[in-house]
Each structure stands twice: as C-alpha cells, then as structure tokens.
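Okay, so here's the structure we're looking at.
The values are calculated or read from the model by the stated rules, or taken from the named source; none is laboratory data. Predicted, not measured: the structure shown is a model, and the values here were computed from it. In this analysis, Cβ positions are derived from the backbone assuming ideal geometry, glycine residues included, and neighbour counts consider all displayed protein chains. Keep in mind that these areas ignore ligands, DNA and RNA; they rest on the heavy atoms of the full protein, side chains included. Shrake-Rupley method; radii C 1.70, N 1.55, O 1.52, S 1.80 Å.
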Amino acid sequence: VNGTASSLVLTLGAYVVAHSLWSRSGRNPLLNPTMLAIAGVAAALLAFRIPHADYFTGARLVHDLLGTAVVALAVPLYRSASLLRARATVLAAALVAGSVMAAALGVVLAGVLGSTESALLSIAPRSATAAVSMEISARIGGLPALTALLTIATGITGAMLGSFVLDAAGVRDPLARGFAIGIASHGIGTARAFQESEVAGTAAGLGMALNAMLTALWVPPLVKWLLGSGGVAP
Amino acid sequence: MSLHAPAARDVASACHSDRGGLLTAFLLFLALQLAGGALAETSGLPVPGMIFGLALLFVILVLRDAWLGTHRAVPSGLDVAAKGLHDHLGLLFVPAGAGIINHLGPLATEGPALLSAVVVSTLLTVGLTGRIVASLQRRSAARHADIAASGRL
C-alpha cells in the first residue's frame, strides 16, 4: 500500500475518527485526538507491515504543514503582543525556570531510576520541539531516535494530563496555563492549549518557540561542562 | 522547490481573484517557511527554520502596521488561514508520531524508567511553571494596585 493518497487517507481518516471520539466525549483531554490518531496509524502500519518510511513519504505534505503552522503562530502572537509585552518580565522568569526544570527534572528522575548515560543525554532536550530536540541530542551524544520518541511522549503527557495538573495547582489564568503547557510539552501541548482557548494556545505557541531557542542555547554547553568535570569521555 | 514560470503565473492569477486573501496568506506562510529554512542554514544556529519564519512574519506585521498607521491589524486572510492551521495543529504531528513503531526496541528495555521520568518531570514542570506565572502576575498586579492607590492619595 504505497502512494500519497493512501497515506493521506490513513492520516486524515485516523484523525477524523479520533477527533470525533474526543468531541463526543465532551472534549475530554484524556482522549487526546493526536494520541489516538498516532495510535491508529501505528496500529495500521504494524498490522499491514508497512514500513514507517514508506507511509511517511506519502504523508510528508501533512508533516511539512507543521512548519507552516509554526510560521503562522506569528499572527495570534502579533494580535496579543500588547498583553504579552505587559507581562514580559513574568513570562521571561517563568521561561527560564520552566526550561531548566523540564531538562533537570527529567535527567535527575531518569538517573535515579537507573537509566544509562546515553538515555540521560537523550532525555535532556526532550521538552523542545522535535526538530530542535533531535538536533541537540545528536550534538551532545544522545540517541536522536530515542529523543524523538521521548519528545512525542512529553507532548502527549502535557496534552493529556497538563490541564488536570493546572486545575489541581489552582492556575486558572489562560495565559499562565498555555505558557506552562507550551514550555513543557511543545507543539502537541500547544495543540491542546488551542482547544482550551485562543489566548492559551497563543501563550503556548510563544512558550514552545522560546523554549526551543533557550534549550538549544543552554543544554549543549551544560552537558559538555558536566561530562568534562565528571571525567566521562563525551 | 522550484516554481516554473507557468506555475508562478497561475499562482499570481489565482491571487488576483483571491478575495478572502487565503491563497495569499498560504503563499506568504510558505515563502517565509522557505526563507526561514535558508536563514537557519546560513546562520548555522541550532534553531529550526520555522522559528526564523515566525520571527520574519512578526516583523512583517510590525512594519505593515507602521506603514499603514494601524495598530495590531492583521489582514483577515492571514487570520483565517492561521486559525485553520491552529484549530487542527494536532493532526500535523501524526505522520512523525507514527514513527514510534521504529523505536519500540529501545523502549522495551529502558522504556518504563524513561517514560516514568518523562511523565513525572513534564507534569511537575507544567504545574510549577503555571504556578510561577500565576503568582508572579498576582504580585506585580498587587504592586501596580499599590502604586495606583498611593497615586490617588
């Protein structure tokens, strides 16, 4: 089963079914449409023994629109620029804290649970959007393929459970909710934040973009320094 | 990606009858995606081209407002096209996400530890970052209220 049409039918079909399940559940974040659609496509590929690369060649159009959608984030960002600029200091402080927490907590927890060094290097950049996290992983000696997987798991975790955690923490402001979800769980989290409200989605998009840049700037030198001081050959 | 002359003419004539501005909007998004990719490559920075594209579009919107003397105005076509993309942003992750089937191997051995670390650290980050924004905001709002109150006195 090759070809663009079959890949697109599979992708759109899985998403339309997933989206209607989610809608019918009263938009329950646990039935995250991205997660359900990925599970559906993955199951179909395994069942029909279709290599992911063959499927991906056909579904490339949908994947490339991701970059288009990120460029288009400038539109809601520009419209809410006054609101965001008024809170620039607060958002900058939260960005630094969130970026450090995402990487440090992940590495420390995985270390405590006994992960190998290459797995620790692969988990460090995983809160940045996939294109960035894989690039950083390769640069610091991690496994980009494992990082890709951990990045998707991170996005789905934030999208499915982030709303509940924010409810429990008593965070009601859409700007705060979106920004936190975007920093911790990049684009998949941002897609969820747009489901909450346009302000939350825009704040999430900003958090995602800023954390992608920040993670790329601070994780590689820190890891290099840690490995250097720890006497472990990189 | 190369645009042949007839194709470029088609695009131009399509834009001519593009009343809602949707085609122009997509043309602009895609052109900036390309330009962003080129910038990322030449700059050598580990930032993906799409983020350069986002910054370019933001700058264009700023310049457009300055040129027209408007404030935070966005052409309706850009608005509609952006909304369409963001309403179904989740769809765009499906092709790459399905790549999970290639990595079931490493997941089998180290999976449980790594996935627990991912889930717990991500949720802690979401909750704590959200609290930081909310409490810093409350504090700065309180300070502004104080200043306003003392100003009235």
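Remark: pairs (first residue in region A:132-144, open to solvent by 50 Å² or more (accessible area, probe 1.4 Å); second residue among the hydroxyl-bearing types (S, T, Y); Cβ separation under 8 Å; 6+ apart in sequence or on different chains) = A:M134/A:T147; A:M134/A:T151; A:L143/A:S118; A:L143/A:S122; A:L143/A:S137. Of all residues in region A:107-130, those satisfying the criterion of being touching a residue at least 60 places away in the same chain (Cβ under 8 Å), more than 13 Å from A:P220 (Cβ to Cβ) and either at the interface with another protein chain (Cβ under 8 Å from one of its Cβ atoms) or open to solvent by less than 10 Å² (accessible area, probe 1.4 Å) (or both) are A:S127, A:T129.
For (1) open to solvent by less than 70 Å² (accessible area, probe 1.4 Å); (2) under 14 Å from A:V75 (Cα atoms); (3) modelled with pLDDT under 95, each residue gets a yes or a no:
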| site | (1), (2), (3) |
| --- | --- |
| B:F29 | yes, yes, no |
| B:E41 | no, no, yes |
| B:G44 | yes, no, yes |
| B:G49 | yes, no, yes |
| B:D65 | yes, yes, yes |
| B:A73 | yes, yes, yes |
| B:G77 | yes, yes, yes |
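One residue alone among A:A37, A:A102 is more than 24 Å from A:A180 (Cβ to Cβ), touching a residue at least 24 places away in the same chain (Cβ under 8 Å) and within 17 Å of the chain's Cα centre (by Cα), and that residue is A:A37. If the condition is being more than 18 Å from the chain's Cα centre (by Cα), among the small types (G, A, S) and part of a helix (DSSP H, G or I), then region B:39-75 contributes B:S43, B:A66.
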